[in-house]
Every structure is written in C-alpha cells, then in structure tokens.
Amino acid sequence: MSEVNTITTEELSRKLEQGGDFHFWNVLTDEYFHGELIPGSHRVPLDQIGREAAAMKLEKDALIITYCGGPQCPQSMLAAKKLIELGYTNVTAYEGGLEEWKDAGHEIVKLEQSASA
C-alpha cells in the first residue's frame, strides 16, 4: 500500500488561496462532528467515504485532501488509507485538522445543525 501524503497548515492555507481542482473533505463521523468546517471543504464522513467517492464518480488520480478534528484524531489518516485501498492515487491527509487550523488563526464555517432526525 502506498504511503499517505501529508500537508501542513501553511501548505493547506496556500493551496486553498490558490484554488484549483481538488476535493477537500472533513471526514469526522457523526459522533465527533460538531458542525465545523474549514472554508472550502465538504463533509464526507469516514464511514461513508467509499460510497461517497463512488457516487461523485471521481477520477482515480483526483487530488483528495482529508482532515478531521486535530493531531490526536486518527480519522483523516484512516480515510486517506481507505481511499488508497479503493484505488485513489493522489490522496493527502491534513493531520493538523480543525484544531491546528483554528490555532493558526484561520476561520472556520459553522454549519446549521439539522432540526430533523
């Protein structure tokens, strides 16, 4: 299995400023997701990652960056490894996650929690 690439907070900030064609996913499962996203990202929970990637019909070489709650959270790396197992070849994990992003003074987006169950 390929090694998972990683990205730092500074590198991610530059990447988001530059834009481009990539997928940026908050992979926190429902248990740990509290409505916070890094701007430009979408929520694709770890336990749904294979199904969601297939539904999006992503090219196998599409750049996908995963993140979760922070350095103590394993979900970004688990998601990246799962994507590699599924045949995706350009996967990067942002292990700093929401914690390091906020600590660096960057903004986050708060999602409205759905009232329906």
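Quick note: the coordinates plus some simple rules give every number you see, no bench work behind them. Note that the structure is a prediction, hence the values are computed from the model and not measured. Ideal geometry is used to build each Cβ from the backbone, glycine not excepted, and the neighbour counts take in all protein chains shown.
Numbers below:
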quantity: Taking the stretch 5-109 and dividing mean pair separation by its residue count, relative contact order in percent (alpha carbons under 8 Å, at least six apart); calculated: 34 percent
quantity: Low-density loop cleavage sites - GluC sites (Glu not before Pro) in the stretch 15-57, where at most 10 other Cβ are within 10 Å (DSSP); calculated: E31
quantity: Of A53, A93, A79, the one that fluctuates the most in a GNM where the chain has Cα springs shorter than 10 Å; calculated: A53
quantity: Amide H within-cut-off set for R43, under 5 Å, with H built and near neighbours excluded; calculated: N26
quantity: Inter-centroid distance (Cα atoms) of the stretch 74-98 relative to the stretch 1-49, Å; calculated: 9 Å
quantity: Antiparallel DSSP beta bridges within the stretch 5-109, percent to nearest 5; calculated: 10 percent
quantity: Aspartates and glutamates with Cα under 12 Å of K60, excluding same-chain neighbours fewer than 8 positions away; calculated: E85
quantity: Zero-based 10 Å bins, Cα pair distances in the stretch 16-69, whole percents; calculated: 23, 54, 22, 0
quantity: Taking the convex hull of Cα positions in the chain, its mean projected area over all directions (nm²); calculated: 7.3 nm²
quantity: Extreme residue, positive dipole direction of the chain, given options A54, Q18, I38 (C-beta unit charges); calculated: A54
